1. Hey, can you tell me all the residues within segment 210-234 that are under 20 Å from residue 187 (Cβ atoms), surrounded by fewer than 23 Cβ atoms within 10 Å (Cβ to Cβ) and either touching a residue at least 24 places away in the same chain (Cβ under 8 Å) or touching a helix residue (DSSP H, G or I) at 6+ places or on another chain (Cβ under 7 Å) (or both)?
2. For segment 141-157, give me the residue count where each residue is under 16 Å from residue 5 (Cβ atoms) and part of a loop (DSSP other than H, G, I, E, B).
3. Is at least one residue of segment 183-200 assigned to a helix (DSSP H, G or I), closer than 28 Å to residue 244 by Cα, within 21 Å of the chain's Cα centre (by Cα) and without any contact (Cβ under 8 Å) to a residue 12 or more places away in the chain?
4. Only one of these conditions is not met by residue 97: (1) at positive phi; (2) within 25 Å of the chain's Cα centre (by Cα). Which number is it?
5. Which one of the conditions (1) under 19 Å from residue 141 (Cα atoms); (2) surrounded by fewer than 22 Cβ atoms within 10 Å (Cβ to Cβ) does residue 82 fail to meet, given that it meets all the rest?
6. Just to be sure I understand, how many residues within segment 422-439 are within 12 Å of residue 371 (Cα to Cα) and either free of Cβ contacts under 8 Å to residues at least 24 places away in the same chain or buried (at least 20 other Cβ atoms within 10 Å of the Cβ) (or both)?
7. Return only the number of the condition from (1) without any contact (Cβ under 8 Å) to a residue 60 or more places away in the chain; (2) surrounded by fewer than 19 Cβ atoms within 10 Å (Cβ to Cβ) that residue 444 does not satisfy.
């Protein structure tokens, strides 16, 4: 079975969020199953990985967008260093930039990527069994292969659409239709949602099947999907929920090259203490106090706007009996508020930006990880934390609900109900009481490190969906 994963991100080539981690792991684990050939197709970026690896040009052609003509080059990595074939699509002027997102013409970029991929496959007579489209950026592919004569060779190819985050739908005005490859106009309704072109709705309407990245999130989308509830209810027979996994070869405290001290379950208490001590010394924190952390984007969906109040209230109410470290960036007002608090509290550390190596160190050093998310389709951070023996404190939503059970009901995490600073602070107070019970802490660490969140199980579920 030949599968192409189409995505704007893939770790370690280019990463903004969890999408990259999923696309960088799923095909690797699928390829370990006999008879499966899973690949990744993504845009070319001006990134270290691209310059540090060898690529060969396997296709050179042209596409037309409105009155523009663009050169398309498809490059294949020679070494297969990621455990799957990696193809990069380069279009000078559109797909040759530093980052995946944030450009004024990104809708045209995404359109060009999808057009270029299908043009390459059609021109070279490459017909996969499944085109796996990740998020709205590739959501127009199922429509194009059925309704654009240019891609008639691909007509009938099965398509899977994965919703990594339904908050982002790619809505664009109808004037953007001029950048599409020519399509049968009578089928314009497949593109339309409330008077706009909506790639996510198009993906749901046109794909063979679609899934959300956890069962809990899929259930939530039927009730709250930013206006798409009626559509997903109508297409319910195509809906699936498959929880993401984590790459346990990348995320393994026993061999992790980023850690100051490696450890496994048998010596987790000592290993975590040594990592915590090194990290706290670096950031001027007291290693004898419990360490709470947050890692992620400063965005409303992550509950990051609560962070300043959480830091202020929790430290004030506990009279400074714990440390907090935050790694992330995003909303500038949140960054400014946290920077101000960083100057005011000696037991609060802030590192703005995203540093992969530092995230590994924080997972290994922390006693508790905080995830006050408003929306969390799956969440990987809580799985990374548990893999490293850190106790997750999560809002009970989406994939967090599927993966973290509260200790009061036999689990090894801490849940709280509403997306608010008050509930998060109350959860921190619960954690402070737990921290005082060393036997309980040790048991929670051991339990969390015993969970199997590997991609093997999730890959089998995706394979079952492909075969279905």
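Rule-based calculations on the coordinates, nothing more; no lab input. Quick caveat: nothing in here was measured; it's all calculated off a predicted structure. Positions of Cβ are generated from backbone atoms using ideal geometry, with glycine treated the same way; all protein chains shown enter the neighbour counts.
1. Scanning segment 210-234 gives 228, 231.
2. Final tally of qualifying residues: 1.
3. As a first pass, look at segment 183-200 and keep what is assigned to a helix (DSSP H, G or I): 185-190, 199-200.
Checking the rest, the ones that are also closer than 28 Å to residue 244 by Cα come to 199-200.
Now drop any that are not within 21 Å of the chain's Cα centre (by Cα), which leaves 199-200.
Cutting the leftovers down to without any contact (Cβ under 8 Å) to a residue 12 or more places away in the chain gives us none.
No, because not a single residue in segment 183-200 is assigned to a helix (DSSP H, G or I), closer than 28 Å to residue 244 by Cα, within 21 Å of the chain's Cα centre (by Cα) and without any contact (Cβ under 8 Å) to a residue 12 or more places away in the chain.
4. Result: residue 97 passes all but (1).
5. Tallying (1) under 19 Å from residue 141 (Cα atoms); (2) surrounded by fewer than 22 Cβ atoms within 10 Å (Cβ to Cβ), residue 82 fails exactly one: (1).
6. Taking segment 422-439 first, the residues within 12 Å of residue 371 (Cα to Cα) are 423-425, 427-428.
Within this subset, residues satisfying the condition of being either free of Cβ contacts under 8 Å to residues at least 24 places away in the same chain or buried (at least 20 other Cβ atoms within 10 Å of the Cβ) (or both) are 424-425, 427-428.
So the answer is 4.
7. Single failed check for residue 444: (2).
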